[in-house]
Amino acid sequence: MSSLIELFRQRALKFGDFTLASGKKATYYLDGKQITLHSEGLRLVSEGLLHLMEGVDATAIGGMSIGADPIVGGMLAIASKQGRELDGFLVRKESKGHGTQRYIEGPVQPGQKVVIVEDVVTTGGSSILAADRAKEFGLEVVLVLAIIDRMEGGRQNFESQGYAFQSLLTIQDFGIQPPVAE
């Protein structure tokens, strides 16, 4: 993981005043796309997340578009190289305005056990929405995986919704302490 941490430090970790997708204010920002849209970064992330999935009974991976798109693609490519069969799916923020009118895109079928993937988790809101839409489609969400957990309530929010959660890294791996819960 040290090479992934170093890549994040070089390409994706920024300090300043930021407003996160969750609406929270932060003094640092982790731009996951700087890693997942980089050849070495995507390889490291995909291998790491697939390792976390070892022993997990799931036949598909997916997540909220656009953040999960490169992760899903990378994990599918590495899984194929490892001789592991997986399907991928993407969750639309808004239903398709034509054709099937679906939120879920990909070769998944109701009843499949799936893992939701995400780059950076703060509160977990987008992953919970992706998991909820997957469940509405008829998929069984068995795990949520993230590259980095900012340790700002995401894990607790997943658990309160009945979703198991794991991350490759936490913000503490960068020497940053999470805020104290109020």
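The values are calculated or read from the model by the stated rules, or taken from the named source; none is laboratory data. Everything quoted here is computed from the prediction, not taken from an experiment. In this analysis, Cβ positions are derived from the backbone assuming ideal geometry, glycine residues included, and neighbour counts consider all displayed protein chains.
Has segment 77-85 got at least one residue that is surrounded by 14 or more Cβ atoms within 10 Å (Cβ to Cβ) and not aliphatic (A, V, I, L, M)? No. Inside segment 61-76, residues that are closer than 12 Å to LEU49 by Cα and surrounded by fewer than 17 Cβ atoms within 10 Å (Cβ to Cβ) make up a count of 0.
Close Cβ contacts (under 7 Å, 6 or more residues apart or on different chains) running from residues in segment 44-57 that are at pLDDT 95 or above to residues that are hydroxyl-bearing (Ser, Thr, Tyr) and assigned to a helix (DSSP H, G or I) comprise LEU44/SER3; VAL45/THR36. Selection of first residues in segment 134-157 that are closer than 20 Å to THR59 by Cβ and of second residues that are charged (D, E, K, R) and assigned to a loop (DSSP other than H, G, I, E, B), restricted to Cβ pairs under 7 Å at least 6 apart or on distinct chains, gives the following pairs, ordered by first then second residue: VAL142/ASP57.
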